[in-house]
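Everything on this sheet refers to the single structure shown next.
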Amino acid sequence: MKICVLIKQVPSSDALIKLNNDSTWIKEDTVVFAINESDSFALEEALQIKEQTGEGEVVVVSLGPDRVQRAIREALAKGADRGIRIKESFPYSSDPFEIASLFAAAIKDDKFDLILSGLQSDDLGSGQTGVILGELLGMSTATLVVETKLSGESIRVKRELESGWFQWVTMPLPASITIQSGINSPRYASLKGIMSAKKKEIRLIEKKELSGSIPSLQSIEHVYFPQKTKRTEMIEGSVDQVVEKLTEIIQRNY
């Protein structure tokens, strides 16, 4: 069983965020970065599947600048077998199709049986990369997975739906699934794992080697902090007048 896990390094939840001078991204030198939360659950699920089958390989793949190396080493220390880093510099890719295409080009020759990724990133939160990657590689796909059961040449997954409902789906392998936070309890890296991670392979691929004719369909032009305002407006009059005023307010704001 060959399992690929996509991980992303994002600002930690308690990081003090400041914008750069032209408001196109954050000031990274003032921020502590960490592995994206749902990606940590995806990594743990991959490690548990490997332990259950008693064989196979877990490979972590990430896209980003030099700081991403630390996130990959952390995943290797927890038990992943090797890593692949697609190196890029600012401005970073933000289009899910472009990112998925880069991953597809980087891992297509590995012939993975299973690709796991977090449901969405804590910074951009598009929630599309894992699904698009599966489609590009001709895999069956599923999102919002909260439980997995591997069986021969297929995998049965439990998906979280709305209003407390769930759905069980059986899919043939290879498959690409996005993992919901809370599916398991991510492990900590042991001292032995940290030491052994230093000897594990991390293959470096330059983004320009993969990009070729891959289009970027969207980009970030401006980043800003939402302005918090509080205003109370009393609406008086007849029922028809109140309804008309409410309709006007909703249309104006949406």
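The values are calculated or read from the model by the stated rules, or taken from the named source; none is laboratory data. Small disclaimer: the values here were computed from a predicted structure and weren't measured. Note that each Cβ is placed from the backbone with ideal geometry, even for glycine, and that neighbours are counted across all protein chains shown.
So which residues in segment 91-126 are assigned to a loop (DSSP other than H, G, I, E, B) and in contact with a Cys (Cβ under 7 Å, 6 or more places away or on another chain), if there are any at all? Scanning segment 91-126 gives a single hit, PHE112. Listed by first and then second residue, the pairs with beta-carbon distance under 6 Å, at least 6 apart or on different chains, first residue in segment 225-243 and free of Cβ contacts under 8 Å to residues at least 60 places away in the same chain, second surrounded by 10 or more Cβ atoms within 10 Å (Cβ to Cβ) and assigned to a loop (DSSP other than H, G, I, E, B), are VAL242/ILE235. For segment 138-147, a tally of residues being in a loop (DSSP other than H, G, I, E, B) and surrounded by fewer than 20 Cβ atoms within 10 Å (Cβ to Cβ) returns 1.
This table checks each residue for (1) within 23 Å of the chain's Cα centre (by Cα); (2) of a type in the set (Gly, Ala, Ser).
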position: LEU173; (1), (2): yes, no
position: ILE177; (1), (2): yes, no
position: PRO186; (1), (2): yes, no
position: MET195; (1), (2): no, no
position: GLU209; (1), (2): yes, no
position: GLY212; (1), (2): no, yes
position: LEU217; (1), (2): yes, no
position: THR232; (1), (2): no, no
position: ILE249; (1), (2): no, no
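All conditions but one from (1) under 30 Å from SER94 (Cβ atoms); (2) basic (Lys, Arg); (3) exposed (fewer than 10 other Cβ atoms within 10 Å of the Cβ) apply to LYS198; the one that does not is (1). For segment 173-186, the criterion of being farther than 18 Å from ILE49 by Cα, loosely packed, with under 12 Cβ neighbours inside 10 Å and among the hydroxyl-bearing types (Ser, Thr, Tyr) is satisfied by no residue at all. Of all residues in segment 103-137, exactly one satisfies the criterion of being buried (at least 22 other Cβ atoms within 10 Å of the Cβ), more than 20 Å from TRP25 (Cβ to Cβ) and among the β-branched types (Val, Ile, Thr), namely ILE115. Can you find a residue in segment 124-132 that is within 23 Å of PRO11 (Cα to Cα) and without any contact (Cβ under 8 Å) to a residue 12 or more places away in the chain? Looking through segment 124-132, at least one residue is within 23 Å of PRO11 (Cα to Cα) and without any contact (Cβ under 8 Å) to a residue 12 or more places away in the chain.
Yes/no matrix, rows are residues, columns are (1) basic (Lys, Arg); (2) not in a helix (DSSP H, G or I):
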| residue | (1), (2) |
| --- | --- |
| LYS192 | yes, no |
| LYS200 | yes, yes |
| PHE225 | no, yes |
| VAL242 | no, no |
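Kindly indicate which of LYS111, LYS149, LYS192 is closer than 22 Å to LYS50 by Cα, touching a residue at least 12 places away in the same chain (Cβ under 8 Å) and among the charged types (D, E, K, R). Only one candidate qualifies: LYS111. The condition of being assigned to a helix (DSSP H, G or I), crowded, with 23+ Cβ neighbours inside 10 Å and either of a type outside the set (Gly, Ala, Ser) or touching a residue at least 12 places away in the same chain (Cβ under 8 Å) (or both) holds for only one of LEU76, LEU63, LEU47, that being LEU76. Hey, does segment 79-102 have a residue that's more than 23 Å from SER154 (Cβ to Cβ), surrounded by fewer than 24 Cβ atoms within 10 Å (Cβ to Cβ), at pLDDT below 95 and among the β-branched types (Val, Ile, Thr)? Among the residues of segment 79-102, not one is more than 23 Å from SER154 (Cβ to Cβ), surrounded by fewer than 24 Cβ atoms within 10 Å (Cβ to Cβ), at pLDDT below 95 and among the β-branched types (Val, Ile, Thr), which makes the answer no.
Of all residues in segment 18-44, those being more than 19 Å from ARG187 (Cα to Cα), touching a Lys or Arg at 6+ places or on another chain (Cβ under 9 Å), among the hydrophobic types (A, V, I, L, M, F, W, C) and in contact (Cβ under 8 Å) with a residue 24 or more places away in the chain number 2. Residues in segment 234-247 that are polar (S, T, N, Q) and loosely packed, with under 11 Cβ neighbours inside 10 Å were compared, and the one that is nearest to the chain's Cα centre (by Cα) is THR247. The set of residues from segment 19-44 being in a helix (DSSP H, G or I) and either modelled with pLDDT of 90 or more or among the aliphatic types (A, V, I, L, M) (or both) comprises GLU37, SER38, ASP39, SER40, PHE41, ALA42, LEU43, GLU44.
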